[in-house]
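S.K.: Let me give you the structure first, and then I'll get to my questions.
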Amino acid sequence: MIVKRTLWFMLVLLLIVVGCQHKEKRYKLHGQVLEKDPASNEVTVDHQEIPGFMAAMTMPYEVKDADAMREMQPGDVIEADVATANGGKDYWLEHVRITDRSGRQSAKVGTVHHLDIGEPVPDFPLTNQDGKTFKLGDLRGKAVLMGFIYTRCPMPNFCPRLSSQFSKINEDLSKTPDDLNRTQLLSVSFDPKYDTAPVLRKYGLAYLDNNPAGFSHWEFASTDPADLRNLAEAFGLEFFEEGNQISHTMVIVLIAPDGKVAKYWGTEWTAAELEDALRKEMRTVKTAAISEERTGQ
Amino acid sequence: MNRQVMGLLVLLSTVFAVACSDRADGLTDSERNGKSLFILNCAPCHEDSNPELKVHPPRLNGMFSTGKLPSGEPATDEQVRETLVHGRGIMPAFDQRLTKDDVTDILNYLHTLK
């Protein structure tokens with residue numbers, strides 16, 4: 001009798017334990033793949049609202065199914081399950097189904113751009129954090145690292161990461177006045193309605209350790225909406241407003257001192273890579289200057 | 001015996017249902033909504049901070065129970081609401097993303113974190 005009762009008790013206890021451990025939840029996702037990173041098994045998806053889990057936004061998701069990862073391409077429209085664990089802190093895509101592949105050819109994402117490397121950058125007009133207008137062409141003669149941001153961006157792997165790493169590069173270059181003179185950092189907002197000059201100034205100061213003198217080497221700028229569309233198209237930036245937020249890709253551009261596009265990055269980069277590339281272009285300034293001096297002699 | 005076993009099953013099933021239910025967290029509806037909003041908007045930085053950020057956002061547990069914000073300032077609803085709405089340092093403003101009620105729900109949830 002006691003054995004039987006104990007068995008019943010253990011069975012029910014087992015049910016409770018197993019039942020309580022099964023805390024994974026799944027939600028339906030519908031969206032378009034913007035970027036694919038096979039190295040990290042992640043795809044960046046611009047998706048509709050996921051009821052009960054997430055508002056409509058663009059963000060990276062891990063894909064555990066190797067076949068699905070291989071099959072998906074930027075531009076694909078997909079349906080998938082978002083599997084979650086640990087109360088939503090861990091999440092990944094499962095049961096991915098590609099519902100439309102027609103966007104593959106026309107997908108303008110990541111580093112896909114109209115301006116090829118080596119092409120001169122048009123003279124886009126910009127307004128900086130102090131309300132001063134200038135043109136991209138005004139920066140000729142310097143190696144320019146330009147990134148696109150919006151100050152309200154809440155995604156730590158996007159704009160806050162970009163600005164944080166630009167801050168690190170800025171600090172490194174600030175150690176040598178000659179490096180500062182030959183380089184320029186530029187953060188361009190694609191949210192001109194919200195990112196007015198005072199907002200950009202406040203944002204910039206947070207990354208410049210509240211030192212306004214830093215703006216001479218790292219400017220924060222925006223432009224009017226019409227010019228912004230041209231600017232985005234030229235550099236392959238994709239962005240659109242969704243509710244009160246902006247979904248966007250990440251684009252960083254290195255502009256050579258001669259005003260030509262030298263290199264692009266999407267989401268895969270490190271501050272060291274950006275700084276190395278910037279310094280490499282920076283050295284051409286010195287070389288050109290030395291050549292001119294020698295020619296003059 | 002059968003009656004005893006059935007009784008035990010009913011009892012344990014009830015315990016199971018309560019223990020595994022989303023409502024077993026002891027949170028009010030506002031706090032529960034605040035928790036969801038916290039996971040979506042705050043946790044990506046404050047719980048699983050990206051090491052590449054210039055400043056590593058602090059965890060927010062115990063803020064109200066200790067009475068001090070991570071900055072050392074007094075922890076008041078007004079101060080936290082102001083920070084959430086207008087941002088602070090590298091923390092972005094959430095005024096366009098969260099409604100006034102959303103912020104209230106997040107505040108209520110933050111009060112439950114020990």
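Coordinate-derived values only; no laboratory data. All values reported here derive from a predicted model rather than from experimental measurement. When we count neighbours, we look across all protein chains shown, and the Cβ atoms used for this are built from the backbone with ideal geometry, even at glycine.
S.K.: What ranking of A:T58, B:T76 emerges when the number of other C-beta atoms within 10 Å of each C-beta is taken as an exposure proxy, fewest first?
M.R.: B:T76, A:T58
S.K.: Cα to Cα, under 29 Å, and not fewer than 8 places away if on the same chain: which lysines meet these conditions relative to A:K28?
M.R.: By straight Cα distance, A:K28 reaches A:K36, A:K64, A:K89, A:K108, B:K35, B:K100.
S.K.: Mind putting together the pair-distance distribution for the stretch B:28-112? All Cα pairs, 5 Å bins, whole percent per bin, short to long.
M.R.: Answer for the stretch B:28-112: a P(r) of 3, 15, 25, 30, 20, 6, 1, 0 percent.
S.K.: Also, quick follow-up: Apply 1/(1 + (r/R0)^6) to the Cβ-Cβ distance of A:K260 and A:D209, taking R0 = 35 Å, and write down the FRET efficiency to the nearest 0.05. Numbers along the way, then the final one.
M.R.: Values: r = 33 Å, r/R0 = 0.93.
The formula returns an efficiency of 0.60 here.
S.K.: What are the ³J(HN,Hα) values, in whole Hz, obtained from phi via the Karplus relation 6.51 cos²θ - 1.76 cosθ + 1.60 with θ = phi - 60°, for each residue of the stretch B:94-111 in sequence order, with x given for Gly and Pro?
M.R.: Residue by residue, the stretch B:94-111 yields 10, 5, 8, 9, 10, 7, 4, 5, 4, 4, 4, 5, 5, 4, 4, 5, 4, 5 Hz.
S.K.: How much FRET efficiency would the formula 1/(1 + (r/R0)^6) give for B:E82 and A:D67, where r is the Cβ-Cβ distance and R0 is 45 Å, rounded to 0.05?
M.R.: 0.35
S.K.: How much FRET efficiency would the formula 1/(1 + (r/R0)^6) give for A:D172 and A:F240, where r is the Cβ-Cβ distance and R0 is 51 Å, rounded to 0.05?
M.R.: Efficiency computed from Cβ-Cβ geometry: 0.90.
S.K.: Tell me the Kirkwood hydrodynamic radius of the stretch A:125-296 in angstroms, computed as one over the mean inverse distance between distinct C-alpha pairs.
M.R.: Values: mean 1/r = 0.0613 Å⁻¹.
It works out to 16.3 Å.
S.K.: Taking the number of other C-beta atoms within 10 Å as the exposure measure, put B:T112, B:T99 in order starting with the fewest.
M.R.: Ascending number of Cβ neighbours within 10 Å: B:T99, B:T112.
S.K.: Sort A:K263, A:K36, B:K100, B:K68 by Cβ crowding within 10 Å, fewest neighbours at the top.
M.R.: B:K100, B:K68, A:K263, A:K36
S.K.: Considering only C-alpha atoms, what is the centroid distance from the stretch B:28-61 to the stretch A:153-200, in Å?
M.R.: Centre-to-centre distance over Cα atoms comes out at 24 Å.
S.K.: Each residue of the stretch A:78-95 in order: what ³J(HN,Hα) in whole Hz does its phi give by Karplus 6.51 cos²θ - 1.76 cosθ + 1.60, θ = phi - 60°, with x for Gly and Pro?
M.R.: Karplus-based 3J(HN,Hα) across the stretch A:78-95 equals 10, 10, 7, 9, 8, 8, 10, 8, 6, x, x, 6, 9, 8, 7, 9, 9, 6 Hz.
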